[in-house]
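Written out below as structure tokens is the structure these notes cover.
Each reported figure results from applying straightforward, stated rules to the coordinates on display, with no laboratory input. In this text, all values refer to a predicted model and were calculated from it rather than measured experimentally. Neighbour counts are summed over all protein chains in view; Cβ atoms, including those assigned to glycine, are modelled from backbone coordinates with ideal geometry.
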Amino acid sequence: MRKRKNIKIFHKDADLIVCEKPMGMPVASDRTGDMDLMHQLKNQIFFEENLKEEPELYVVHRLDRPVGGVMVFARTKEAAASLSEQIKEHTFEKDYQAVLTGWLPDDEGTWIDFLLKDAKSNKSKVVPEGTKEAKKAILDYEVIDMMETDRMKLTYCLIHLKTGRHHQIRVQTSSRGFGIWGDTKYNPLFQKTKKKYQQIGLYATRIAFTHPGTGERVRFKAEPQGEAFALMELTDF
């Protein structure tokens, strides 16, 4: 039986755990039955800390299955409540690096849309303001680099997520004709491919929040991985 690779942990204390979610792994258990990040972390912590019972972990935010990057899990109900409140109040910062198909016309900008989720298809779409049950979605972007391959033009950019809607970045980029590289759910350039993409050109590269226990403002960062980012000459920012 193949040994499962340990999850990379950036920080661990009595209140929370900050780790790097692998691309292609679900955050929590789903209908596929595949190993998920939360249970993998529980198993890992159980042995690392020599515990006598399974540790408690609370999901306070999520990443889509094909998206990798930095995530935080709470270890107590109090920490979970604090982090959830920060997300609600938009003081929990989330930055992504993304590889988009096409060249963005502006070096930076803000996109504001209203998104409606379809639970049956597990997809969201941009709808007119005032649509019943639609939620406002806001993000800022900054172009880092552009390049052209033999197949397509690509834009490498930094995205600061102001709101955390269902599939938000994937929907907002694709609705403007600049879908995420490898995204077979939303990018028309990849929807007809026979290749199964377990990862896409989207990575949660940085989070920042106020630590529930110490009150200190903390930041954690990881450099993106995956096929899409191998196409680009990555630049520190």
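Data overview
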quantity	calculated
Size of charge dipole - segment 76-123 - debye, nearest 20, with Cβ of Lys, Arg +1 and Asp, Glu -1, no other charges	460
Per-residue HN-Hα couplings for segment 133-150 [Karplus 6.51, -1.76, 1.60; θ = phi - 60°; Hz; x = Gly/Pro]	6, 6, 10, 6, 10, 10, 8, 10, 9, 9, 6, 9, 6, 9, 8, 10, 9, 6
Nearest 10 degrees, 0 to 90: helix 77-88 Cα axis against the chain principal axis	20
Amide proton proximity set for GLY102, modelled H, under 5 Å, gap of 5+	LYS153, LEU154, THR155
Using θ = phi - 60° and Karplus 6.51 cos²θ - 1.76 cosθ + 1.60, couplings along segment 151-157 (whole Hz; Gly, Pro as x)	9, 6, 8, 10, 10, 9, 9
Label assignment, mean projected area of the Cα convex hull in nm² derived from the structure, set (1) 20.9; (2) 14.8; (3) 12.7	(2)
Listed residues LYS192, LYS120, LYS162, most fluctuating in the chain (Gaussian network, C-alpha, under 10 Å)	LYS120
Sites matching trypsin sites (Lys or Arg not before Pro) across segment 20-108 that sit in DSSP coil, with at most 10 neighbouring C-beta atoms within 10 Å	ARG31, LYS52
Per-residue ³J(HN,Hα) for segment 202-209, Karplus 6.51 cos²θ - 1.76 cosθ + 1.60, θ = phi - 60°, Hz, x for Gly and Pro	9, 9, 7, 8, 7, 10, 9, 7
Sequence-separation-based contact order of the chain, relative, with Cα cut under 8 Å and 6+ spacing, percent	20
Folded to 0 to 90 degrees: helix 37-48 orientation relative to the chain principal axis, Cα	30
